[in-house]
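Accompanying notes for the structure given below.
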Amino acid sequence: MSYEKIGQELKELLGLRGSPVAVKLAKTGADLPAGYQKVPEKSRHCQFVQNARLTGTKGYATLDEHMCKGGAGVMGIGPIPEHLSTGSTFHKLGNFRTAEGALDTVSAIPKSTESYYASVYSPLESAEFEPDVVVVIATPKQALRLSQAYLHELGGRISSDYSGIQSLCADAVVAVIERGVPNMTLGCNGSRKNTGIADEEVILGIPPRNLPAIIEALKIFSEKWG
Amino acid sequence: MVKTINVQGIRAPNSGILADNVIKNMDNSDEEIRFLLSPGAEVGMEAVARKHGYTLETSKSGDLIEARLMPTGKTMQEIDVRGDFCPGPVIAVGNIIAALPVGERLKVKAAGSDTLEDIVMAVKSSGSGVVDQGVEGDHHYLIAEKAEKPEAVSAIVNRDSVVIAQSSGIGNAERAYATFLFSKVGLSMGKKVTIFLLMDGAGLAKKGNAACVKHPEFERLDVLMDEVIKAGAKVYVCELSAKFRGIGPRDLVEGVRLAGAATYLELMSNPANAVVNF
Amino acid sequence: MNITYQIIALAIMFSAIVSGFITFRMLGMKLALHFGALILALIVTLAAILTGNIAVAYGAALMQVLAAVTAYTQIWTTLKYSFQTSPGFAPHLALVTMLPVLAVAGVML
């Protein structure tokens, strides 16, 4: 698939601020796309996504480059720190009234079933690799169009699940890779505070294989609905 | 192939909506899908399955519910090994499992629990698992699930168990006595002792035969054999050798069990077993 | 009465003492009954040859048959279940099985 065209069309048809982001999870060093360097500085996964989206930064991040080990961990890069996997951090942070509730949530967070070496990021239209998921940060109306475009092919309904924590890592990337189904998520304290995702923006993760049909549908909507 | 997706925490009806979308997005419509759901979330799965032409089966998996959606018409393979004797059943089952994709299941119907135990041994030895076992009507059954054989971990092994392969039977008194005296010593040293009677050794398994062996300096062999069995030694007799000699399950000495080739192979190839031949 | 058959039977019985001993050792020194019958048959046959007495000859023939029969009755179970080890005591069985024919020939012909 030529992502150059798809990336461009997605941006234009939806009127996105920034680019859709191609994200790939590389199993080993050999799996990394040729010519890609490590990301310029250590940060969090959500930041890497924002950087690719807004400043066109490409690169890959191994466990060392991931400052947020929780984000890396759910994606299968390194282990999930215990204080996160037991829920105690989120309990202390105030997200949950009881430790049991915290544990219930963290147990159900989508987690990668395989382990990976690094995550790779690029704006979609200039990605030189086959992404595992495409992350789009959009306004609710843009998300509406995307949802309608996804359902245009086969109909049905969309169910999105999230828990207000680990949004860009677990909900937008891992859940979509594991299930092969788009997911919408509303961000989390970490991602919104640290990366500047706007109050009026939401996040969607889309399986690459759905994109051609989505683009077609968006074009049809553009003709019919303006 | 079987695809397993953990969707715990998602309640009905969203679980069903998600399942619907997963199926729609599948590349291979021949694949079985398994969803791991929180209890209660399986409500609505039946409708999704029917809509797409799948059959649904649910079962418990730890604290979660496992919902298996199988393309209809593609049911679990079954094999009936009743009427066949060792090593036929083990080989037949082994061949089918070797060809199965990981995660797929096979149901095996057998007449006796001994044949089944042998098949269990063979299944586990190849790395696969047994997910269900029991009695159904007039026969026994098990359900095996193919899994990847895990990499062997090299380990320093304590050899605390002894396997005695006895192939000379009642026609050689010295070897027969050695078998049980050796077992006695092993048991007294705290070792786990297993005796596998094969070929002529099967003769020892028949009620009354060991009484034919007597050396002036020792007690009658059947007395010694009984002592050893009561002291905890496990005694197996090769099903094929027994059949060769017209020995059936009802002819066996108390405490001796029929076993098949898979059991023997497993005993021989387990590095924790010290093997001696008599 | 042809003495030749009795002499052949005697030769066989001498041979059977040796093969019998080897066999008994392997089977655990049992078969005392058979061994006794064999030795007795040997003695009585020798006596029959030396005395030429017809009664003794009949006694010898009877003992020879008894020696053969007791070999089988005592070894039967082992023979039935030991396919691999039975070649070990085949020579002895083969020898004593010759005795009944010679016994009959020794008195009839």
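Details
- Residues in the stretch B:18-43 that are over 34 Å from the mean Cα position of the chain (by Cα) and under 24 Å from A:His152 (Cβ atoms): 10 in all.
- When the residues of the stretch B:209-233 are filtered to those that are more than 8 Å from chain C (Cβ to nearest Cβ) and assigned to a loop (DSSP other than H, G, I, E, B), the one that is surrounded by the most Cβ atoms within 10 Å (Cβ to Cβ) is B:Ala233.
- Condition check for A:Arg97 on (1) away from every other protein chain (no Cβ under 14 Å); (2) crowded, with 17+ Cβ neighbours inside 10 Å; (3) modelled with pLDDT of 90 or more: one failure, at (2).
- Residues of the stretch B:1-36 satisfying the condition of being within 25 Å of B:Leu106 (Cβ to Cβ) and in contact with a Ser or Thr (Cβ under 7 Å, 6 or more places away or on another chain): B:Arg34, B:Leu36
- Residue in the stretch B:1-13 that is under 26 Å from the mean Cα position of the chain (by Cα), within 11 Å of chain A (Cβ to nearest Cβ) and basic (Lys, Arg) present: yes
- Any strands (runs of 3 or more DSSP E) falling wholly within the stretch B:6-107 and containing at least 3 residues that are out of contact with any Lys or Arg (no Cβ under 6 Å at 6 or more places or on another chain): B:32-37, B:54-61, B:64-71
- Residue within the stretch A:168-175 that is surrounded by fewer than 21 Cβ atoms within 10 Å (Cβ to Cβ) and either small (Gly, Ala, Ser) or within 14 Å of chain B (Cβ to nearest Cβ) (or both) present: no
- Tabulated pairs, the stretch A:119-133, first under 13 Å from A:Lys5 (Cα atoms), second in a strand (DSSP E or B) and not hydroxyl-bearing (Ser, Thr, Tyr), C-beta under 8 angstrom, 6+ apart or interchain: A:Pro123/A:Val21; A:Pro123/A:Ala22; A:Leu124/A:Val21; A:Leu124/A:Ala22; A:Leu124/A:Val134; A:Ala127/A:Ala22
- Yes/no for C:Ile22 being assigned to a helix (DSSP H, G or I), surrounded by fewer than 16 Cβ atoms within 10 Å (Cβ to Cβ), hydrophobic (A, V, I, L, M, F, W, C) and within 14 Å of another protein chain (Cβ to nearest Cβ): yes
- Residue identified as assigned to a helix (DSSP H, G or I) and in contact (Cβ under 8 Å) with a residue 24 or more places away in the chain among B:Gly186, B:Gly190: B:Gly186
- Residue under evaluation C:Phe89, criteria (1) within 14 Å of chain B (Cβ to nearest Cβ); (2) farther than 27 Å from B:Ala173 by Cα, criterion not met: (2)
- Selection within the stretch B:170-201 - within 7 Å of another protein chain (Cβ to nearest Cβ) and either among the hydrophobic types (A, V, I, L, M, F, W, C) or within 15 Å of C:Phe24 (Cα to Cα) (or both): B:Ile170, B:Gly171, B:Asn172, B:Ala173, B:Met199
- Condition met for A:Gly56 (in contact with a Lys or Arg (Cβ under 9 Å, 6 or more places away or on another chain), of a type outside the set (D, E, K, R) and at positive phi): no
- Residue that is farthest from the other protein chains (Cβ to nearest Cβ) [pool: residues in the stretch A:146-167 that are touching a Pro at 6+ places or on another chain (Cβ under 9 Å) and part of a helix (DSSP H, G or I)]: A:Leu146
Quick grid of which residues meet (1) touching a helix residue (DSSP H, G or I) at 6+ places or on another chain (Cβ under 9 Å); (2) surrounded by fewer than 20 Cβ atoms within 10 Å (Cβ to Cβ); (3) closer than 18 Å to B:Asp132 by Cβ; (4) within 13 Å of chain A (Cβ to nearest Cβ):
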residue: B:Gly16; (1), (2), (3), (4): yes, no, no, yes
residue: B:Ala19; (1), (2), (3), (4): yes, no, no, yes
residue: B:Ala67; (1), (2), (3), (4): yes, no, yes, no
residue: B:Met70; (1), (2), (3), (4): yes, no, yes, no
residue: B:Gln77; (1), (2), (3), (4): yes, yes, yes, no
residue: B:Pro89; (1), (2), (3), (4): yes, no, yes, no
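- One residue stands out in the stretch B:155-179 among those that are over 19 Å from C:Thr85 (Cα atoms) and touching a residue at least 40 places away in the same chain (Cβ under 8 Å): the one that is surrounded by the fewest Cβ atoms within 10 Å (Cβ to Cβ), namely B:Asn158.
- Of residues in the stretch C:66-86 being part of a helix (DSSP H, G or I) and over 22 Å from C:Ile43 (Cβ atoms), the one nearest to the other protein chains (Cβ to nearest Cβ): C:Tyr81
- C:Ala71 passes every criterion in (1) surrounded by 17 or more Cβ atoms within 10 Å (Cβ to Cβ); (2) free of Cβ contacts under 8 Å to residues at least 24 places away in the same chain; (3) under 15 Å from B:Cys212 (Cα atoms) apart from (2).
- Of all residues in the stretch B:242-253, one or more are surrounded by fewer than 15 Cβ atoms within 10 Å (Cβ to Cβ), outside the structural domain of B:Ser125 (by TED's automatic domain parsing) and part of a loop (DSSP other than H, G, I, E, B).
- From the options A:Ala108, A:Ala138, A:Ala118, A:Ala143, residue that is within 14 Å of chain B (Cβ to nearest Cβ) and crowded, with 17+ Cβ neighbours inside 10 Å: A:Ala108
The values are calculated or read from the model by the stated rules, or taken from the named source; none is laboratory data. Source: prediction; values computed, not measured. Positions of Cβ are backbone-derived with ideal geometry, glycine not excepted, and every protein chain shown enters the neighbour counts.
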